[in-house]
Amino acid sequence: MKLNQAAWCRLVGIDGPQWNNYEVGGRRITIDAALKVCKATGVGLNWIYRGMANDVPVNLATAIQALERAARKRS
């Protein structure tokens, strides 16, 4: 979504230290926080918890696929 962490946290309504714990794997995202992400971005819980792209809006799915292709080319 081309947001830095502070902007992302404002968008979804989760404070920075809490989000950082999720991002680095220190804690698993809570259902309440996951629902905030769903509401703000349109992704579904299947994407958040299981990585299933069928629960992702088309514009985000396209961007994710592009990032994955770029990462494969670098490795």
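The values are calculated or read from the model by the stated rules, or taken from the named source; none is laboratory data. It should be emphasised that the depicted structure is a prediction, and the values quoted were computed from it without experimental measurement. Here the Cβ is made from the backbone with ideal geometry for all residues, glycine too, and neighbour counts use every protein chain on show. Calculation scope for accessible area: heavy atoms of the full protein, side chains included, ligands and nucleic acids excluded. Shrake-Rupley method; radii C 1.70, N 1.55, O 1.52, S 1.80 Å.
Just report the Cα centroid separation between the stretch 47-63 and the stretch 10-42, whole Å.
With the stretch 47-63 and the stretch 10-42 each reduced to a Cα centre, they are spaced 16 Å.
Could you do me a favour and compute the accessible area per residue for the chain, 1.4 Å probe, result in Å²?
73 Å²
Sticking with the crude label model, points 7 Å out along Cα→Cβ, report the distance from S75 to D32 in nm, one decimal please.
3.5 nm
Need one number: nm distance between label points at N21 and K39, each 7 Å from Cα along Cα→Cβ, rounded to one decimal.
Going from the N21 label point to the K39 one covers 2.0 nm.
Counting only helical runs of four or more DSSP H residues, what would the 222 nm mean residue ellipticity of the chain come to if each run contributes -39,500 (n - 2.57) and the total is spread over all its residues?
Computed ellipticity for the chain at 222 nm equals -19500 deg cm²/dmol.
Return the carbon/sulfur percentage of the accessible area of the stretch 12-63, one whole number, probe 1.4 Å, all protein chains in place.
Heavy-atom surface of the stretch 12-63 belonging to carbon and sulfur, 1.4 Å probe: 53 percent.
Between Q65 and L11, what FRET efficiency follows from the Cβ-Cβ distance if R0 is 22 Å, with the result rounded to 0.05?
The value I calculate is 0.50.
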